[in-house]
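Reading through the structure tokens given below for one structure.
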Amino acid sequence: MTRTRTQAIEAAAFIQRWSDGLSPAVGLLTGTGLGSLTDFLEDRREMPYGRIPHFPASTVESHSGTLVVGTWRGRGVAALQGRFHLYEGYDPREVTFPVRVLQELGVGVLLLTNASGGLNPHFSSGDLMLIEDHVNLTGENPLVGPNEDRWGPRFPDMSAVYDRPLAERVRRAAKRRGIALQRGVYAGLKGPSLETPAEVRFLRTIGADAVGFSTVQEAIAAVHAGMRVVGLSTITNVHRPEDPRPADLQDIIDQANRTVPVLKTLVGDLIGGLDG
């Protein structure tokens with residue numbers, strides 16, 4: 001069942017009442033194995049998705065399905081521990097419903113994190129990649145159908161999905177902290193089957209550096225909403241089509257968990273350095 005603006009308004013109003021009127025400036029969406037990324041928030045409160053009106057249910061291992069609100073250096077933050085995916089059977093508007101709720105809450109900056117497979121042969125497991133652009137290979141788009149003009153324009157420009165000034169702040173923070181930070185293009189697939197060696201070679205050919213099953217739908221909706229978007233991928237494994245190895249979900253989750261302290265530092269620096 002697709003979601004409407006009325007439902008997003010109702011969900012946002014419920015969250016505001018529950019959080020005593022918190023008006024978050026920043027939204028944070030955590031990917032596989034990255035739920036503890038929210039631990040740096042102060043004055044935090046948590047609520048399972050199941051209590052929020054109209055919210056879908058998260059069904060994926062390591063996605064707890066919890067909304068966390070709090071503050072960091074005086075800025076309100078709404079963090080979503082766990083996202084929804086097309087491969088779970090949700091349609092694109094359901095996948096992006098949390099983005100619309102954040103939009104109704106007044107969020108202007110959205111930080112998207114994910115766990116990804118590396119395609120760039122120069123990457124290593126455990127690397128962090130700043131997403132500079134993406135390729136949507138899901139065959140889906142959350143803007144298909146009648147446009148909700150109060151959410152955004154019919155044909156949003158996608159020439160700079162990932163905010164360049166904010167990306168530069170992340171790069172400077174990484175350099176200052178001595179954190180190695182890769183940069184590249186993220187390819188979004190529908191899943192849930194993982195990539196064949198031939199598909200890995202194809203993705204490399206079209207210029208992708210990392211691949212996963214999330215992020216692109218949410219980024220499209222956020223651009224439509226007028227949000228400034230930052231994307232960070234944890235490279236949990238690197239695909240080598242000349243020597244393919246079976247992927248292990250637990251290994252992917254464990255690798256993502258190991259990157260959380262470094263990712264938390266970058267996210268905290270970015271939020272703390274925002275204007276206003």
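Only the coordinates and a few stated rules stand behind these numbers; no lab work does. Treat the numbers as computed from the prediction; the structure is a model and nothing was measured. With ideal geometry, Cβ positions are generated from the backbone for all residues, glycine too; neighbour counts draw on all protein chains shown.
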Q.
So if I average 1/r over every pair of distinct C-alpha atoms in the chain and take the inverse, what Kirkwood radius in Å does that give?
A. 18.6
Q.
Give me His122, His239, His54, His85 sorted ascending by neighbouring Cβ count inside 10 Å, so fewest comes first.
A. His122, His54, His85, His239
**Q.** For the range 36-46, 3J(HN,Hα) per residue [Karplus equation, 6.51 cos²θ - 1.76 cosθ + 1.60, θ = phi - 60°, Hz, x = Gly/Pro]
**A.** 6, 4, 7, 5, 6, 5, 9, 6, 7, 9, 10
Q: Provide, as a two-decimal number, the C-alpha radius of gyration of the range 121-220 over 2.2 N^0.38 Å, N being how many residues it has.
A: 1.24
**Q.** Neighbour cut-off at most 12 other Cβ (10 Å), DSSP loop, trypsin sites (Lys or Arg not before Pro), the range 81-189
**A.** Arg150, Arg154
Q: Scan around Ala115 for amide H atoms under 5 Å from its own, H built in the peptide plane at 1.01 Å from N, and keep only partners 5 or more places away or cross-chain.
A: Thr32, Thr234
**Q.** Residue-by-residue Karplus 3J(HN,Hα) for the range 213-220, coefficients 6.51, -1.76, 1.60, Hz, glycine and proline x
**A.** 10, 9, 6, 5, 4, 5, 5, 4
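Per residue Cα convex hull volume for the range 31-131, in cubic angstrom? Kindly include the intermediate steps, with their values, before the conclusion.
Details: hull volume 12.9 nm³, N = 101.
Cα-based convex hull of the range 31-131, divided per residue, equals 128 Å³.
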Q. Fewest first, what order do Phe202, Phe55, Phe123 take by the number of other Cβ atoms within 10 Å?
A. Phe202, Phe123, Phe55
